[in-house]
1. Which members of region 107-165 meet the condition of being over 25 Å from Y298 (Cα atoms), of a type in the set (A, V, I, L, M, F, W, C) and touching a strand residue (DSSP E or B) at 6+ places or on another chain (Cβ under 7 Å)?
2. Quick check: is even one residue across region 151-165 more than 16 Å from the chain's Cα centre (by Cα) and surrounded by fewer than 17 Cβ atoms within 10 Å (Cβ to Cβ)?
3. Determine if region 229-244 includes at least one residue that is under 16 Å from the mean Cα position of the chain (by Cα), under 30 Å from Q382 (Cα atoms) and in contact (Cβ under 8 Å) with a residue 60 or more places away in the chain.
4. Out of curiosity, is I71 of a type in the set (V, I, T) and open to solvent by less than 10 Å² (accessible area, probe 1.4 Å)?
5. Of the residues that make up region 166-185, is at least one modelled with pLDDT under 95, part of a loop (DSSP other than H, G, I, E, B) and either in contact with a Phe, Trp or Tyr (Cβ under 6 Å, 6 or more places away or on another chain) or polar (S, T, N, Q) (or both)?
6. Hey, among the residues in region 196-216 that are assigned to a loop (DSSP other than H, G, I, E, B) and over 13 Å from the mean Cα position of the chain (by Cα), which one's surrounded by the most Cβ atoms within 10 Å (Cβ to Cβ)?
7. Hey, T16 hits all of (1) closer than 30 Å to A121 by Cα; (2) surrounded by 15 or more Cβ atoms within 10 Å (Cβ to Cβ) but one; which does it fall short on?
Amino acid sequence: MSGEKNLKVALLGCGTVGAQVARILLEDANELASRSGAGLQLIGIAVRNLDAKRDVALPQELFTTDAHGLIAQADVVIELLGGLEPAGEYIAAALSKGASVITGNKALIALEGAKLNEIAAANGAQLRYEAAVAGAIPILRPIADSLAGDRITKVMGIVNGTTNFILDAMDTTGAAFDDVLAEAQTLGYAEADPTADVGGHDAAAKAAILASLAFHTNVSSDQVSTEGITEVTAADVSAAAAAGYVIKLLAIAEQAEAGISVRVYPALVRRSHPLATVHGAFNAVFVEAENAGDLMFYGAGAGGNATASAVMGDVVSVARQIAAGAPLPNGSINQAPTLLDFEAITTRYWIGLSVKDQSGVLAAIATVFGEHGVSIESMSQQVDAEAGAQLRILTHQGTEAALASTVEALKALDAVHSVLSVMRVEGN
């Protein structure tokens, strides 16, 4: 394009995603310039090891170990190193000099996003992180821009591909958690140490980011109530299927009159709900808004090409603003978060009990529910020669506190051998 502005782009990190971003910047330079209104010149790639093997063949002269020197020359910095440091230091340095930053660093944004946004705003820079939440799925820009004139009431999504792969395989094959986890590790869907995924921590960071954008506030990952999937059994999955449900690890951000609730846990979702149809390592985010109604965003949640697509979407968006000479604000933070205590949220429980196979058991259990003000929606019983009598109880809506106290009372009931599982139910 004649007379176009030329923007110098620095890339920090050249792993699976970084290599694909570099490839796109080099191979599609003319098309990107046409879409952006500005040339995007990749001036260097900062890495820890110059001799490491890369997924993509890239010009060796682009590589450097001097990240700060590269940042000093750049108009736009793409951070794909991951981790809190030195990524946080590099991003702060770039924003402080007025360079816009695109990152996929969910852990850093979930913990330090508010501070980094303040630095960006003070220096006329942009901080974008579409790739931090759901891979290729464009969810942050629609929330921040397309739905800016609406009021979002709830965001609920499957934002971790590893856990969705595991739970989906358990549902379709009947396999146990440990067996499917081992398969996921063999296929590369799960890390050797899968704690961040199966423990729900990865999803919690993403839930914090979604809540902050959706409700125009600042929520950090350490404020998210988090429960992983390690206690989900094949029996739970089978019983849920028999009742018409599927189990998914959900990240939920919800706005109520009293405040905001942000939580991550495995939950039953009715098979007719759109999120129940999300299979394999795919992600999906379901948004409820007052005027737009129900919206769902679906796509690949991980992978080099998919995540690079989200990164480049942010790059082009930022380049357009710089080329136009009028960068937009970095989002509206109009309130400090009023976070609800987890015990105050309202939900439904699905409770599995091993009970004595004798008369009076159901009446005794129903009495416990009544004493705690919890209403039973449905109850099913199964008697097995080996497992004995088992009950699966679905409740109506109640507060987390009332439901949790009901479960504790059931544990102490003489008619109950043990509480097999407790899960929440989400969606209609």
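The values are calculated or read from the model by the stated rules, or taken from the named source; none is laboratory data. This one's a predicted model, so the numbers in the text were calculated from it and none came from an experiment. Note that each Cβ is placed from the backbone with ideal geometry, even for glycine, and that neighbours are counted across all protein chains shown. Side chains included, ligands, DNA and RNA excluded: accessible areas come from the protein's heavy atoms. Shrake-Rupley method; radii C 1.70, N 1.55, O 1.52, S 1.80 Å.
1. Pass one, region 107-165, residues over 25 Å from Y298 (Cα atoms): 111-112, 114-126.
Among the residues that remain, those that are also of a type in the set (A, V, I, L, M, F, W, C) are: 111, 114, 116, 119-122, 125.
L116, A120, A125, listed by residue number.
2. Checked region 151-165: at least one residue is more than 16 Å from the chain's Cα centre (by Cα) and surrounded by fewer than 17 Cβ atoms within 10 Å (Cβ to Cβ).
3. Step one: of region 229-244, the residues under 16 Å from the mean Cα position of the chain (by Cα) are 229.
Applying the additional criterion that residues be under 30 Å from Q382 (Cα atoms) yields 229.
Next cut, in contact (Cβ under 8 Å) with a residue 60 or more places away in the chain only: 229.
Yes: one or more hits.
4. Working: of a type in the set (V, I, T): yes; open to solvent by less than 10 Å² (accessible area, probe 1.4 Å): yes.
Spelling it out, I71 is indeed of a type in the set (V, I, T) and open to solvent by less than 10 Å² (accessible area, probe 1.4 Å).
5. No - not one qualifying residue is present in region 166-185.
6. Taking the candidates together, the pick is F215.
7. Evaluating T16 over (1) closer than 30 Å to A121 by Cα; (2) surrounded by 15 or more Cβ atoms within 10 Å (Cβ to Cβ) leaves (1) as the failure.
This table checks each residue for (1) part of a loop (DSSP other than H, G, I, E, B); (2) under 25 Å from D341 (Cβ atoms); (3) open to solvent by 50 Å² or more (accessible area, probe 1.4 Å); (4) touching a Ser or Thr at 6+ places or on another chain (Cβ under 7 Å).
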| residue | (1), (2), (3), (4) |
| --- | --- |
| D357 | yes, no, yes, no |
| I365 | no, no, no, no |
| G370 | no, yes, yes, no |
| S378 | no, no, yes, no |
| A402 | no, yes, no, no |
| S405 | no, yes, no, no |
| S418 | no, no, no, yes |
| R424 | no, yes, no, yes |
